[in-house]
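Report on the following structure.
The values are calculated or read from the model by the stated rules, or taken from the named source; none is laboratory data. Note that the structure is a prediction, hence the values are computed from the model and not measured. No Cβ is skipped: glycine too gets one built from the backbone with ideal geometry, and neighbour counts run over all protein chains shown.
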Amino acid sequence: MRYDLVIFDNDGVLVDSEPISNRLLAAYLTELGHPTSYDDSIRDYMGSAMHRVHDLVAERTGRRLPADFDDVFHARVFAAFERELKAVAGAMDVLGKLAADEVPYCVASSGSHERIRVGHRTTGLDRWFDDGRIFSSQDVGRGKPAPDLFLYAARRMGVAPERCVVVEDSPLGVQAAVAAGMDVYGFTAMTPAERLNGATRLFDDMRELTTLLAGN
């Protein structure tokens, strides 16, 4: 094992939530008078914290989103998660292998703690993540592409940044990992490889990750 800590993004890496949440985000923004397609949402917001949605809408339109925007959006997302959400194929196997080999790992997500836990509970991933392994942009105030979240997770796990590898599927996440001085493996199952500029390695099947982490 080449690394002392594996830091996973959550949405799109551990749970297959990006199609669900971006479909609902595009629909809700459109409903509020900010026409947004699914592809627009993926391009502009995938991998980001909620404050980016507010900031971009205000910057582009001069209007603020409603005060209850986050609460309404998350209620819709969580209801959809309960009906549709699944773990990313191969994620359970990777986590099982890391745990068996006693390799430290954690999750560092732009999503809220509640969103992470709802997704993990729904998919059964909660068995792999106690509270000490879950970090959210809520903990640091600035989401990706700022490096703060990954640096915070590494510090809390007691590992130097250069000994960490991040597993990411969004351009913003890759930028954050690079800014943190960490290697980053870009997961291209949903994101075109050319959009994950700066990734140390690229892969398109989560079942490949164990071999990659072993240095093969």
Scan of region 18-40 for residues that are surrounded by fewer than 20 Cβ atoms within 10 Å (Cβ to Cβ) and touching a Ser or Thr at 6+ places or on another chain (Cβ under 6 Å), ordered by number: 30
Residue count for region 3-17, restricted to those that are surrounded by fewer than 21 Cβ atoms within 10 Å (Cβ to Cβ) and either out of contact with any helix residue (DSSP H, G or I) (no Cβ under 7 Å at 6 or more places or on another chain) or over 16 Å from residue 106 (Cα atoms) (or both): 1
Of all residues making up region 89-133, the number that are touching a strand residue (DSSP E or B) at 6+ places or on another chain (Cβ under 9 Å), of a type outside the set (Ser, Thr, Tyr) and outside any helix (DSSP H, G or I): 8
Residues being out of contact with any helix residue (DSSP H, G or I) (no Cβ under 7 Å at 6 or more places or on another chain) and either crowded, with 18+ Cβ neighbours inside 10 Å or of a type in the set (A, V, I, L, M, F, W, C) (or both) - total across region 105-124: 3
Residue match in region 150-168 (condition: under 20 Å from residue 44 (Cα atoms), at pLDDT below 95 and within 15 Å of the chain's Cα centre (by Cα)): no
Failed item in (1) at pLDDT below 95; (2) out of contact with any Gly (no Cβ under 7 Å at 6 or more places or on another chain); (3) surrounded by 17 or more Cβ atoms within 10 Å (Cβ to Cβ); (4) part of a helix (DSSP H, G or I), with residue 53 passing the rest: (1)
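Could you check region 134-216 for strands (runs of 3 or more DSSP E) lying wholly inside it with 3 or more residues that are surrounded by fewer than 20 Cβ atoms within 10 Å (Cβ to Cβ)? First the steps, then the outcome.
Numbers: elements: 134-136, 164-168, 183-187, 201-203.
Of the strands (runs of 3 or more DSSP E) lying wholly inside region 134-216, those with at least 3 residues that are surrounded by fewer than 20 Cβ atoms within 10 Å (Cβ to Cβ) span 201-203.
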Lone qualifier among 30, 36 - being farther than 30 Å from residue 157 by Cβ, in contact with a helix residue (DSSP H, G or I) (Cβ under 7 Å, 6 or more places away or on another chain) and free of Cβ contacts under 8 Å to residues at least 40 places away in the same chain: 36
